[in-house]
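Only one structure is covered here, and it is reproduced in the block below.
Read-outs throughout are calculated quantities, based only on the coordinates presented, and are distinct from any laboratory measurement. For clarity, every value in this text was computed on a predicted model and none was experimentally measured. Here the Cβ is made from the backbone with ideal geometry for all residues, glycine too, and neighbour counts use every protein chain on show.
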Amino acid sequence: MRVSVDGGGQPRWRGDGRELFFLSPAGALLAVGVRESGSEVEVGMPAVLVAANDLQAVVEGPDYSDYSVSADGQKFLLKVPAAKVAPPRIHVLLDWPSLLK
């Protein structure tokens, strides 16, 4: 069953099966509600949870993993490019023995 007109990848189910999370081809993280009614399955409209420019994920298939979802669907662990993370600062003190005089 199609849940997105634009496609996507890396689907992950919420623990109770009522929500499906996936990445859009642009790299945004989306969620769509899923409800079972008798023998029919109803799918809601996808909602963007994390914009593509914030995540910059690559949709490479269901086995690739740019993110993980908690069982309750309330917490996410996202892989972000190293350029988005500030490098640690290193202070180098030259000729430090002269400072002790």
Using θ = phi - 60° and Karplus 6.51 cos²θ - 1.76 cosθ + 1.60, couplings along region 5-15 (whole Hz; Gly, Pro as x):
6, 9, x, x, x, 6, x, 9, 8, 5, x
Sequence ranges 4-14, 33-43, 90-100, ranked by mean other-Cβ count within 10 angstrom, highest first:
4-14, 33-43, 90-100
Table column - 3J(HN,Hα) (Hz), region 91-101, Karplus curve with 6.51, -1.76, 1.60, x for Gly and Pro:
9, 10, 9, 8, 6, 5, x, 5, 6, 7, 6
